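A short write-up of the structure that comes next.
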Amino acid sequence: MANFFPEDLIEEIRVNNDIVDVISEYVKLDKKGKNYFGRCPFHNEKTASFSVEPVKQIFHCFGCSKGGNVIHFIMAIENLDFPEALKLLADRAKIQIPEMNDGIADNEKAELKKELLQINIEAARFFHNNLINEKYRVPIEYLTNRKIEKQTIIKFGIGYAEDKYDTLYKHLKSKGFNDLSIFKSGLVLTKEDTKKVFDRFRGRIMFPIFDIRGNVIAFGGRVLDSSQPKYMNSPETAIYQKGKHLYAMNFAKNACAKQIILAEGYMDVISLHQSGIINAVAPLGTALTDNQGKLLKKYSEEIVLSFDSDSAGQAAALRSLDLLNDIGCNVKVLSIPSGKDPDDFVKTHGVDEFRKLVNNSKSLLDFKLDILDDKIDTSTNDGKVKFIDKAVLILDKIDNNVERELYVKKLSKEFGVSEQSIYSEMAKRQGGTDAKVKKQVKDINAVKKNTIKKSNISEGSEERLVKLQLMLLATICLDNNVYLHIRDVLDIDKLSSIEVKQALIFAIERIESKAGILIGEILNKLSSPMAESFANIIQSQSIFENNRKAALDIIKRIDFYGLETRKDEIIELKKRSDLTEGDVELLNRELSSIVLNIATLKKSL
Ligand SMILES: [Zn+2]
């Protein structure tokens, strides 16, 4: 598990958050025997197949096989990453986590951050009260006209900054905050010449900006008249970095949806959420950044980009799409007819129609080809040539051969051009491009090292290997004596999974120093998917009849499958056309020795 946190701190946090107590805050648990059972929060079920073991401090679902320790539980249920989950649990147990700054604790910075968070939440309350006490008609009218309901105002903490000079400043002072922190929050400024203090946001509807955990970290303010700028955001502070956050991500992550809709502005997001589409987010007044892209990727499998169909919107969409595509997101494009934004569309056509648009959103490629189609008149032969010319550039970027072939087929059909001539157009272009040449060189280097990408080998064998390694770890953890009997034949370096290796080394250290092993602590070493399988093994087969024999057997199997995997790898490698005779000979020699070893091992299994 990710570890710039000291191990004993992680363990202290885990031990101080009893798994039954923590899970009881989310799931109704009933005691049966020595364990607790409830309905799994991770899958839909009528019977209780979700179990919590207080002794081992683990949870496990017999239905969906989610499992792990209390940290894994919080990561899964709150949709947090490891450091975030750890922070939440530390807060819960009132354990101080030093803020990490390149590995060095920096308490002063942590103090300031805490203070800024308090100032922002206080300001949010102040703005919100200005709005809901209905002292001012204009902001209420504005929101009513935009059909924003009271519930939504409350959910998003929308507020109003009065059109006065320094009411927020006075309010913050009255709450005891000092000038230095107030100025550092960026919510209050001083005039350079007169040194007079004034509020940054005046006469604006205020939208608190939340971080992923739901803390208010900044504000966006919208004017109510035609003055400029229409939207204004807090400046960057110790707690707010532009381009790192996404509006409403704190809500959207809880939707646990397979898709996230990326809209353009606050109002789009708010109105989508109000209509029940709670997986919508927006960047904050900037073009989408790399950081935001990664945040999106972390929380969903597919990003649906919703944008204005005018040309500026289209250009921005293309930039965002390329960015998302480059970092490996699966992207789609939702285009809203007749130049409307999602806010307008949902209000005029309703949420069902909007969902239809989402379902019919286009792939990145279709979107690009459609734009091309709009730009080029393809009714003439000249136009067709021009279109194909540009289209092959787009198709050339597709890594997936099957996908590329499908598009080539489609184009060939649409334009009455043979597939062969489209391919030869593509080949022409490939000759010169730098990237392609580099890629070929890289491929050749890969062969020299006699390795190939993992993805080319059947996934199943790798999974099976990891499972065996986890079984070995489980057997040793549950019955420490096993280790003493197998240590002569156990070659830890043969374990392909680094995580299991580290956990096993940790367990062995414990056994050799005669300290006990806690299953919950071992789980600290494993990332969520691994922890899931591990908890599963611990719970389901618990212990073998003869642990020693089982452990020896597992070690043999690990060897066996390791050899099988390498055998498959070599067979794949040998199919390549760019091998030298020397390469082939080396591979053949390795292969025959592997085949021999496999045969020997098979007999003893
Ligand atoms: Zn489940």
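The values are calculated or read from the model by the stated rules, or taken from the named source; none is laboratory data. This structure is a prediction, so every number in the text was calculated from the model and none was measured. Counting neighbours? That spans all protein chains shown, and the Cβs are built from the backbone with ideal geometry, glycine included.
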Residues of the stretch 67-97 being within 18 Å of the chain's Cα centre (by Cα), over 17 Å from Asn254 (Cβ atoms) and crowded, with 20+ Cβ neighbours inside 10 Å, which ones? Ile71, His72, Leu86
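Rundown of residues vs (1) on the phi > 0 side of the Ramachandran plot; (2) in a helix (DSSP H, G or I); (3) without any contact (Cβ under 8 Å) to a residue 60 or more places away in the chain, yes/no style:
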residue: Gln502; (1), (2), (3): no, yes, yes
residue: Ala507; (1), (2), (3): no, yes, yes
residue: Ile511; (1), (2), (3): no, yes, yes
residue: Ala515; (1), (2), (3): no, no, yes
residue: Glu521; (1), (2), (3): no, yes, no
residue: Met530; (1), (2), (3): no, yes, no
residue: Ile538; (1), (2), (3): no, yes, no
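Scan Glu115, Glu108, Glu141 and give me the residue that is touching a residue at least 60 places away in the same chain (Cβ under 8 Å) and out of contact with any strand residue (DSSP E or B) (no Cβ under 9 Å at 6 or more places or on another chain).
Numbers: Glu108 fails: touching a residue at least 60 places away in the same chain (Cβ under 8 Å); Glu141 fails: touching a residue at least 60 places away in the same chain (Cβ under 8 Å).
Residue meeting the stated conditions: Glu115.
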For the stretch 397-431, enumerate the residues that are exposed (fewer than 15 other Cβ atoms within 10 Å of the Cβ), modelled with pLDDT of 80 or more and outside any helix (DSSP H, G or I). Gly416, Ser418
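Out of the strands (runs of 3 or more DSSP E) lying entirely within the stretch 169-225, which hold 3 or more residues that are exposed (fewer than 14 other Cβ atoms within 10 Å of the Cβ)?
Numbers: elements: 188-190, 197-199, 204-210, 216-223.
Here the list is empty.
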Only one of these conditions is not met by Ile104: (1) more than 16 Å from the ligand (Cβ to nearest atom); (2) modelled with pLDDT of 90 or more. Which number is it? (2)
Per the filter on the stretch 35-57, residues within 27 Å of Gly516 (Cα to Cα) and aliphatic (A, V, I, L, M) are Val52, Val55
Go through Ala48, Ala76, Ala85 for me and flag whichever is away from the ligand (no atom under 11 Å from the Cβ), in the same structural domain as Arg14 (by TED's automatic domain parsing) and outside any strand (DSSP E or B). Ala85
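Of the residues in the stretch 338-356, how many are part of a helix (DSSP H, G or I), in contact with a helix residue (DSSP H, G or I) (Cβ under 8 Å, 6 or more places away or on another chain) and surrounded by fewer than 19 Cβ atoms within 10 Å (Cβ to Cβ)? Explain how you work it out, then say what you get.
First pass over the stretch 338-356, keeping only residues part of a helix (DSSP H, G or I): 338-339, 342-349, 351-356.
So of that shortlist, the ones also in contact with a helix residue (DSSP H, G or I) (Cβ under 8 Å, 6 or more places away or on another chain) come out as 342-343, 345-347, 353-354.
Going one step further and asking which of them are surrounded by fewer than 19 Cβ atoms within 10 Å (Cβ to Cβ), we end up with 347, 353.
Number satisfying all stated conditions: 2.
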What is the residue count in the stretch 493-532 for residues that are within 18 Å of Ile555 (Cα to Cα), crowded, with 18+ Cβ neighbours inside 10 Å and of a type in the set (Ser, Thr, Tyr)? 1
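Condition test on Gly63, is it surrounded by 15 or more Cβ atoms within 10 Å (Cβ to Cβ) and either under 22 Å from the mean Cα position of the chain (by Cα) or assigned by TED's automatic domain parsing to the domain that holds Leu470 (or both)?
Details: surrounded by 15 or more Cβ atoms within 10 Å (Cβ to Cβ): yes; either under 22 Å from the mean Cα position of the chain (by Cα) or assigned by TED's automatic domain parsing to the domain that holds Leu470 (or both): no.
Criteria not met by Gly63.
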Is there a residue in the stretch 20-37 that is part of a helix (DSSP H, G or I), away from the ligand (no atom under 12 Å from the Cβ), within 22 Å of Gln96 (Cβ to Cβ) and not assigned by TED's automatic domain parsing to the domain that holds Lys525? yes
Here the residues within the stretch 144-157 that are in a helix (DSSP H, G or I) and under 16 Å from Asp344 (Cβ atoms) are Asn145
Pair list, Cβ under 7 Å, 6 or more apart: the stretch 41-64 residue free of Cβ contacts under 8 Å to residues at least 40 places away in the same chain, other residue within 12 Å of the ligand (Cβ to nearest atom) and among the acidic types (Asp, Glu): Gly63/Glu45
Cβ pairs under 7 Å, 6+ apart or interchain, first in the stretch 371-393 and in the same structural domain as Val417 (by TED's automatic domain parsing), second surrounded by 12 or more Cβ atoms within 10 Å (Cβ to Cβ) and among the polar types (S, T, N, Q), ordered by first then second residue, are Lys384/Thr378; Phe387/Thr378
Scan the stretch 61-72 and give yes if some residue there is away from the ligand (no atom under 16 Å from the Cβ) and of a type in the set (Phe, Trp, Tyr), otherwise no. no
Residues that are surrounded by fewer than 17 Cβ atoms within 10 Å (Cβ to Cβ) and over 16 Å from the mean Cα position of the chain (by Cα): does the stretch 249-268 have at least one? no
Does Ser306 qualify as being polar (S, T, N, Q) and within 23 Å of His349 (Cβ to Cβ)? yes
Looking at this structure, is Ile132 out of contact with any Gly (no Cβ under 9 Å at 6 or more places or on another chain) and within 30 Å of Leu272 (Cβ to Cβ)? no
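Quick test for you: out of Leu518, Leu523, pick the one residue that is touching a His at 6+ places or on another chain (Cβ under 9 Å), under 26 Å from Val52 (Cα atoms) and not assigned by TED's automatic domain parsing to the domain that holds Asn79.
Criteria check complete, one pass: Leu523.
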Can Ile10 be described as within 15 Å of the ligand (Cβ to nearest atom) and part of a helix (DSSP H, G or I)? no
